[in-house]
Amino acid sequence: MLQISTLTHCVVEAITHPSLGLSDDAASIIVDGKLEKIFCDAKGDVKAIKEEIFKRGKDERLEGCIVDVQKIAGVGPKRLGLGSVISASLGVNVTKQSFKKNCWWRLKTAEDMIKAEGFVNYAAADAWGT
């Protein structure tokens, strides 16, 4: 699942079959080295972006266009979720649904993610939060 947001729009794209991959529109955003990509705990996301760039035969450099809010928020070496990073950075209490408490880590396919109550809203909130 891919979440993309701007100041005014949020798109959650689910890949329903591995052979389909991302839509051309989503992939063009992901592989564009001129567009900043902002994540919270970016390790897996950056790996997926590099795989997408390779699959599409692009020669884009990611250095300088990847931002991890955990690193810029000054929360130290502790890995925090996005809600905690926002709370610590802005000094406001942000409450989000819990990925762990909802057992969403069990979701393996796009179909599972779409069907799981509240998951798409959670994914969209993550995109807006970053």
Quiz prompt | For the stretch 113-123, 3J(HN,Hα) per residue [Karplus equation, 6.51 cos²θ - 1.76 cosθ + 1.60, θ = phi - 60°, Hz, x = Gly/Pro] | solution = 5, 5, 6, 5, 4, x, 5, 5, 4, 4, 4
Quiz prompt | Links that overshoot a 28 Å alpha carbon limit, given the list Lys34/Lys78; Lys47/Lys101; Lys34/Lys101; Lys78/Lys100 | solution = Lys34/Lys78; Lys34/Lys101
Quiz prompt | In nm, spacing of pseudo-spin labels at Asn93 and Lys78 (7 Å Cα→C-beta vector) | solution = 1.7
Practice problem: Report the extension gain between Lys108 and Lys43 in nm, rounded to one decimal, defined as 0.36 nm multiplied by the number of residues separating them, less their alpha carbon distance. | Solution: 21.5 nm
Quiz item: How far, in nm, would the chain grow between Val120 and Glu36 when pulled straight, counting 0.36 nm per residue and subtracting the alpha carbon separation?
Solution: 27.9 nm
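Every number here is computed from the coordinates shown, using simple stated rules; none is lab data. Bear in mind the structure is a predicted one, so any value in this text is a computation, not a measurement. Reconstructed Cβ throughout: ideal geometry from the backbone, glycine too, with neighbour counts over all protein chains shown.
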